[in-house]
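The values are calculated or read from the model by the stated rules, or taken from the named source; none is laboratory data. This is a predicted model, so every value here is computed, not measured. FYI the Cβ positions are ideal-geometry reconstructions off the backbone, even for glycines, and counts take in every protein chain you see. The accessibility values were calculated without ligands, DNA or RNA, using every heavy atom of the protein model including side chains. Shrake-Rupley method; radii C 1.70, N 1.55, O 1.52, S 1.80 Å.
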Amino acid sequence: MPTVSRRSFIAGMSAVPFAVWFEKNCLAQPPRVRPNVMSAAGQSMLTIYANAVQTMMSTPEADPRGWLFQWYIHGVRDDRSKAGEITRIYPTPSPRRTLAQQAWETCQAHHGGDIEDFFLPWHRMYLFFFERIIQKVSNNPSFALPYWDPTDTSSPSGPRLPNRFINPANASNPLFRPNRRAVVNAGDPIATPALLNRNSLAQCSYSSVGAVQGFNLNLDANLHGTVHVRIGNGQGMGAIPWAANDPIFWLHHCNIDRFWASWNAAPGRNNPNSATWLNKTFVFADENGVRVVGKVKDFRNIMPLRYRYEALLPVPSCPPGSAAAGPPRTRAQVGAAIELGSNPVKARLTAAPTAAAGLDDLVARVRNLSANRRLFVVIRRLTAQAQPGTEFDVFLELPSGTSGEAAEAHRIGSIHFFDAVAHGGHGAAASDPRQKFFSFDITDLAKRLVSEGRLTATPELTIAPAGDVAANARPVVGEIVLIEQ
């Protein structure tokens, strides 16, 4: 890999607007197509990618184009600290040290003070500059990062990791990582279609509106987080500080970016237009190891960035009256925090401590719910001491002893703790817990339970682990509410 001169680094430390940098470095290049990793073009790009990863892994740690530097932009490994790693790698002041201080651990939105709506643009920037580095390292300016879509049931890979990430299963393979679930590295599906779904594309707003997650949070909390926890363990994809050390991370996030591009391509699916969102900046390193300041407004659409995807996803139309009808109203809540474990836990929704809650007429309320009002179970304030290693399924009014298809009829969704473990500033415990939540529309299920005479005035939730729970995890659900909106 070519070295970077001191003059280039000093020049790179100035705040050059992304638009100026882009005009100088990118406009002369032809547009590129990011392919499906399972297509012929995708397999060709995967070979280039694997060779570049191997080169980056042997690059000196201090080089911004090396594997460790790029990994640490997402998060510094949690058995060390950012300050400690900067001191170890950059013992004296230098432009590289300053760049690391500004760029490392800036992943959105997992830190105190982060804003959830920056999740998608930050990761688009991250991919953009990483892709440029692969082009430089491979000496192939036409390289385009392939995407892996585990929701594609027609793909030869589908919900399984592409074979080259698991074979051979040793250090000679730069795409292999041992810190994955054993079944994943054995070639089994990472999850069921129910977990790996495209539900986020049905969201009609980018940002959260009351109990409605919106596209950005729904994609982050559900498909994005589920893939992370279903692939890796506490020192792999399953934990924020370690996730970007796994080469599959980049293909996964390429697919997440493709979801956003697909959503934006549909009529009426608009990004935020506030100055706060548009003018937010983040620091990255380009393919020459030089500091670049990216601004969200320059990354809100992909065509000006001169790339597109081999195929976009279909996006359902927003139904008439999909906008919230009036303010959200809390109808019921679980009275205390709930610690989860290896066995199912039951929690009862009781009347909220307000006279207007009106839970005592819940059955009548469900029967008479207007067409533009919905009922949501909202789960938030999740914390854990360590990654549980599994997700938890949530059921409504599940009869004792029920399993299989009968239980599935009561399932409202799943939650996970990918974003809930505090690691030196990471995790929901360190950020505003109101921004991160799971929300499940239970309207249709509630109506069916009413018709069957099985919805009670104080509905019972069952939260059950989908697999083994790590003994040191201690996952806690801090708040569950029933909201009408």
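Grab the helices (runs of 4 or more DSSP H) fully contained in the range 171-283, keeping just those with 2 or more residues being farther than 27 Å from PRO388 by Cα, open to solvent by less than 40 Å² (accessible area, probe 1.4 Å) and touching a strand residue (DSSP E or B) at 6+ places or on another chain (Cβ under 8 Å).
Working: elements: 182-185, 214-219, 225-231, 248-265, 275-278.
In the range 171-283, 248-265 are the helices (runs of 4 or more DSSP H) which contain 2 or more residues that are farther than 27 Å from PRO388 by Cα, open to solvent by less than 40 Å² (accessible area, probe 1.4 Å) and touching a strand residue (DSSP E or B) at 6+ places or on another chain (Cβ under 8 Å).
When you check ASP441 against the structure, is it at pLDDT below 95, open to solvent by 20 Å² or more (accessible area, probe 1.4 Å) and of a type outside the set (Phe, Trp, Tyr), yes or no? Steps first, answer last, please.
Details: at pLDDT below 95: no; open to solvent by 20 Å² or more (accessible area, probe 1.4 Å): yes; of a type outside the set (Phe, Trp, Tyr): yes.
No, not satisfied.
Which members of the range 9-59 meet the condition of being part of a helix (DSSP H, G or I), modelled with pLDDT under 95 and surrounded by 15 or more Cβ atoms within 10 Å (Cβ to Cβ)?
Kept after step one, since they are part of a helix (DSSP H, G or I), are these residues of the range 9-59: 9-12, 18-25, 40-57.
With modelled with pLDDT under 95 added as a condition, the list becomes 9-12, 18-25.
Within the range 9-59, PHE9, GLY12, PHE18, TRP21, PHE22, ASN25 qualify.
Yes/no matrix, rows are residues, columns are (1) at pLDDT 85 or above; (2) touching a Lys or Arg at 6+ places or on another chain (Cβ under 6 Å); (3) outside any strand (DSSP E or B):
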| site | (1), (2), (3) |
| --- | --- |
| ASN301 | yes, no, yes |
| SER322 | no, no, yes |
| ASN372 | yes, no, yes |
| VAL378 | yes, no, no |
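Can you name the residue in the range 78-100 that is surrounded by fewer than 22 Cβ atoms within 10 Å (Cβ to Cβ) and touching a strand residue (DSSP E or B) at 6+ places or on another chain (Cβ under 9 Å) and is also farthest from GLN235 (Cα to Cα) among such residues?
Taking the range 78-100 as the starting set, the residues that turn out to be surrounded by fewer than 22 Cβ atoms within 10 Å (Cβ to Cβ) are 78-95, 97-98.
Next, only the ones that are touching a strand residue (DSSP E or B) at 6+ places or on another chain (Cβ under 9 Å) stay: 78, 95, 98.
Values: ASP78: 9, PRO95: 30, THR98: 27 Å.
In this case the residue turns out to be PRO95.
Given the conditions (1) in a strand (DSSP E or B); (2) open to solvent by less than 20 Å² (accessible area, probe 1.4 Å), and given that ARG308 satisfies all but one, which numbered condition is not satisfied?
Looking at each condition in turn, ARG308 falls short on (2).
Considering only the range 385-409, state which residues are aliphatic (A, V, I, L, M) and farther than 21 Å from VAL229 by Cα. Walk me through it before giving the result.
Here is the first cut: in the range 385-409, the residues aliphatic (A, V, I, L, M) are 386, 394, 396, 398, 406-407, 409.
Those that are aliphatic (A, V, I, L, M) and farther than 21 Å from VAL229 by Cα: LEU396, LEU398, ALA406, ALA407, ALA409.
Can you name the condition, by its number, that SER172 falls short on among (1) under 20 Å from THR59 (Cα atoms); (2) of a type in the set (Gly, Ala, Ser); (3) in contact (Cβ under 8 Å) with a residue 60 or more places away in the chain?
Failing condition for SER172: (3).
Tally time: how many residues in the range 394-435 are surrounded by 17 or more Cβ atoms within 10 Å (Cβ to Cβ), modelled with pLDDT of 75 or more, of a type outside the set (Lys, Arg) and not in a loop (DSSP other than H, G, I, E, B)?
8
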